[in-house]
Amino acid sequence: MGSQPTDAFLDVVDAMKRSAAALRDDRVPFLLGGGLAAWARGGPPTDHDVDLLLRERDVVRAESALARAGMRLERPPEGWLVKAWDGDVLIDLIFNPAGGPIGDEHFARAAVLEVAALPVPVASIEDVLAAKLLALSEQEPDFGPVLELARSLREQIDWAEVRAQVGHTPFGAAFFTLVERLGIVGEPLPTL
């Protein structure tokens, strides 16, 4: 029997539903990304934040939609995302992550899934894994969360696609060494 969801997880899901509905109602194209995108496909629950992916041209419209829904907005200095707060829950509006800008190809690889009874466009698991791997750095080289996703969703992942997106990076190459030697990927994949 599975464990009961935590209050923090339920708060994150509620914030996702409110922000997704606000964007949907204002016809702002977006994708659910990050840990909730993995959870929507059967991965582990997350209580961290909500990641919504959008094209840069839609950022101002997204900000307006979320502000009208009562969320507090913040433009951090990083310049690749906008933050919104639904109470204490952080919603990241990500338009230019480490792998490059969100574009039509991300939307083409996405699928509409029912997430907590709400139909939501969800980023591909390959894009979610690639984004997490490309965000790793020498200051924060924690493979734990991405290995947990890889292990829990391994049958759904197009490993060649993930390798094509991240195999050229040091952390991507290290990740593939780990998942191959840990047996998460059945047969070792050809290197790039």
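If you go through region 51-89 and keep only what is of a type in the set (Asp, Glu) and farther than 10 Å from Leu23 by Cβ, you end up with Asp51, Glu56, Glu63, Glu74, Glu78, Asp86, Asp88. Region 29-138 holds helices (runs of 4 or more DSSP H) entirely within its bounds, and those carrying 2 or more residues that are surrounded by fewer than 16 Cβ atoms within 10 Å (Cβ to Cβ) map to 59-68, 104-109.
FYI, it's all coordinate maths here, none of it is from the lab. These numbers were taken from a predicted model, which means no experiment stands behind them. Neighbour counts are summed over all protein chains in view; Cβ atoms, including those assigned to glycine, are modelled from backbone coordinates with ideal geometry.
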